[in-house]
Amino acid sequence: MRWLASELHTHTLHSDGRQSLRELAAGAAKLGFDCIALTDHNTMSGLGECEQVQQETGIVIIPGMEWTTFYGHMVTMGLQNFVDWRKAGRSDIHEGISMVHGQGGLAGMAHPFRIGSPVCTGCYWEYEIRDWNDLDYIEVWSGTFASVKPENQRAFALWTERLNAGIRIAATSGRDWHEQKHTDEPLSVTYLGLDDEPGTIAQQAVRALAQGRASVTIGPVVTMEAESGGTLYGIGESVSVQNGADLIHLHVKIDFSVRQTLWELPEQDFSLKITGNSGTLAQCAAGSTDQIYEFSIPADGHIWARAELWGIVKGMRTMIAFTNAIYIS
């Protein structure tokens, strides 16, 4: 499976960004990305040169828009047509999500716990969600060096709570990238696992996110497969536990070769954890070379599992990477 290095939250001069789409895409290419989603605030006008910029830079561009309102910011992507954000009130965001889905798009909660008004109008999510199954994903890591920020840790905890409640919802990262400005802080990357179905790479990327086939990292990419009854299941899929099976076998791969020279971690022993609805299910020390790690977890009593890589970054112990969930039924 091809894993597409993606940046899923960006802005240009067509909203409050300080870069053209061409500058954004060229900057993304230099940082080792394969794909960006253009998510300007309340407009899709910046996509006018999309096809030409893709050809010039080799960067896949997913069409999108960030609904920017008093009650929250909702990133939509995969749309070809504008969906009017002005019709959504605090108690009827589901109608807005339905309109996005009706146009074949996805809807995600952006930086839900960022400080809101007057610092950032609507950044803090206040929309009433009646059915979490309607929402496609939560942006759990926002900004640079995202894993250490308290508002992102709250967003990550919210995602975990929803998984524990039986909701199948994806998690992503997004730099909220506004300008071509150098930073020494770690950059998050959302890797999307492409399928072999017909469509453009952008369409395959949107399908991957819709199906929860995603892994997030500030360094090496972590992927996972589950095995039950001789059948393999990937990230985002649901394991069908065979009658009488006591264990699910997990194969976790850490790939340090991605985006080489564009990130750096100190030499160390990492910690690899398997987390699920009952907490930490298994863990082991991990080296700094490409390797596959094997775990077995009980089939009974678990509804989801993900892999997490922990270590030292800039002198702080933090999560470095995590997979989206594999579900268990």
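The values are calculated or read from the model by the stated rules, or taken from the named source; none is laboratory data. Just so you know, these numbers come straight off a predicted model, no measurement behind them. Glycine also receives a Cβ, built like all others from the backbone with ideal geometry; neighbour counts cover every protein chain displayed.
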- Could you list all residues from segment 34-52 that are in contact with a helix residue (DSSP H, G or I) (Cβ under 7 Å, 6 or more places away or on another chain) and among the aliphatic types (A, V, I, L, M)? Ile36, Leu38
- Message: Among the residues in segment 41-58, are any at pLDDT 95 or above, under 19 Å from the mean Cα position of the chain (by Cα) and surrounded by 22 or more Cβ atoms within 10 Å (Cβ to Cβ)?
- Response: no
- Within segment 92-100, identify whether any single residue is surrounded by fewer than 19 Cβ atoms within 10 Å (Cβ to Cβ) and touching an Asp or Glu at 6+ places or on another chain (Cβ under 6 Å), and answer yes or no. yes
- Output the residues belonging to segment 190-237 that are part of a strand (DSSP E or B) and of a type in the set (S, T, N, Q). Thr190, Ser215, Thr217, Thr223, Ser228, Thr231
- Query: Within the bounds of segment 253-276, is there any residue that is of a type in the set (Gly, Ala, Ser) and either closer than 18 Å to Val140 by Cα or surrounded by 17 or more Cβ atoms within 10 Å (Cβ to Cβ) (or both)?
  - Reply: yes
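Of the residues Pro118, Pro112, which is touching a Phe, Trp or Tyr at 6+ places or on another chain (Cβ under 6 Å), part of a loop (DSSP other than H, G, I, E, B) and either outside the structural domain of Gln260 (by TED's automatic domain parsing) or crowded, with 23+ Cβ neighbours inside 10 Å (or both)?
Pro112
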- Residue list for segment 70-97, filter: modelled with pLDDT under 90, under 17 Å from Asp134 (Cα atoms) and either within 22 Å of the chain's Cα centre (by Cα) or not in a loop (DSSP other than H, G, I, E, B) (or both): Trp85
